[in-house]
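Student: What follows is a structure written as structure tokens; I'll ask about it next.
Read-outs throughout are calculated quantities, based only on the coordinates presented, and are distinct from any laboratory measurement. None of the values given here were measured: they were computed from a predicted structure. Ideal geometry is used to build each Cβ from the backbone, glycine not excepted, and the neighbour counts take in all protein chains shown.
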Amino acid sequence: MIVCVCNRLNDTKIRGAIAQGADSADNVYAYCNVRKNCGRCQETIEKMLDGSAQGRHLLVAAE
Ligand code: FES
């Protein structure tokens, strides 16, 4: 699914950036070698980051 239309970033690329350590929307853009243009995707990327953080929290809690 395309998340960022301006840069043709799909959810797989964004999840890959998050897995590599991107912890903000700006970092996701940097990991993907793009720049924020219109910014409409930022909220979705931040929700993906929040979901990832919750996932890490659950992993830590399970240890
Ligand atoms: S949709 Fe991502 S910068 Fe425009």
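Student: Mind checking the full-extension length gain between residue 20 and residue 38? Use 0.36 nm per residue of separation minus the Cα-Cα distance, one decimal, nm.
Tutor: 4.0 nm
Student: If I model a spin label at residue 8 and residue 47 as a point 7 Å from the Cα along the Cα→Cβ vector, what separation in nanometres do I get?
Tutor: My value for the distance between the label points is 2.5 nm.
Student: Which of rounded, prolate or oblate describes the chain when judged by the alpha-carbon gyration tensor and an a/c cut-off of 1.5? Let's see the in-between values first.
Tutor: On the way: a/c = 2.40, a/b = 2.15, b/c = 1.12.
Since a/c reaches 1.5 and a/b is larger than b/c, the shape of the chain is classed as prolate.
Student: Ok, one more. Long-range amide H contacts for residue 9: which residues qualify at under 5 Å (H placed 1.01 Å from N, peptide plane, sequence gap of 5 or more or a different chain)?
Tutor: Amide H to amide H, under 5 Å and 5 or more residues apart or across chains, residue 9 pairs with 3, 4.
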